Each structure stands twice: as structure tokens, then as C-alpha cells.
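The values are calculated or read from the model by the stated rules, or taken from the named source; none is laboratory data. All values derive from a computational prediction rather than experimental measurement. Glycine gets a Cβ as well: all are built from the backbone with ideal geometry, and neighbour counts include every protein chain shown. Protein only, heavy atoms only, side chains kept; ligands, DNA and RNA dropped before computing areas. Shrake-Rupley method; radii C 1.70, N 1.55, O 1.52, S 1.80 Å.
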Amino acid sequence: MGSEYGIIIHGGAGALRNSINVEEYREGLRRAVLSGFRQLENGCALDAVVQAVYEMEESGVFNA
């Protein structure tokens, strides 16, 4: 049986600020999870976490 794995991220706790564009928020999450997942397929779990956090920071929406 092959290995199954996944990645989960979250964009923080609490209510969204009115100044946050919901589509930018969703896109930031999407990019982070996909980038982290690609890294997980090609490397180790720590590399995947670092990549996902990096993408969140680069989005400008999150303070990861």
C-alpha cells in the first residue's frame, strides 16, 4: 500500500478584519497549501512547512 499524506494550513484565529480582501485571503491560503504540498511530495515535512509559511508571508495578507 502506498503512503498517503496531506498538508493543512490555517490563516490565523479570530474574525477577518474589514480591510482584508477575502479573495486575496483565499488565494494566499491556496498558494501556500499548494506550494507546501509540492514541497512535501519532493522533500521532507519540515521543508513543506517552511515553504507554506514562506508563501503566506509573501502574500502580504498574513503575518505567519
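Some observations on this one:
- Computed with a 1.4 Å probe over protein heavy atoms only, the accessible area of Leu34 comes to about 70 Å².
- Modelled spin labels at Glu57 and Arg38, positioned 7 Å past Cα toward Cβ, are 1.9 nm from each other.
- In the chain, the longest principal axis of the Cα atoms and the axis of helix 22-42 are about 20 degrees apart.
- Tilt relative to the chain, helix 45-59 - C-alpha long axis, 0 to 90 degrees, to 10: 20 degrees
- Among Gly12, Gly28, Gly36, residue whose mean-square fluctuation peaks in a GNM of the chain (springs only between Cα atoms under 10 Å): Gly12
- GNM result for the chain, Cα springs below 10 Å: residue of Ala45, Ala13, Ala32 fluctuating most strongly: Ala13
- Once divided by 2.2 N^0.38 Å, the Cα radius of gyration of the chain becomes 1.20.
- Compared with the alpha-carbon gap, the fully stretched path from Arg17 to Asp47 is longer by 7.8 nm at 0.36 nm per residue.
- The relative contact order of the chain, computed from alpha carbon pairs under 8 Å that lie at least 6 residues apart in sequence, is 31 percent.
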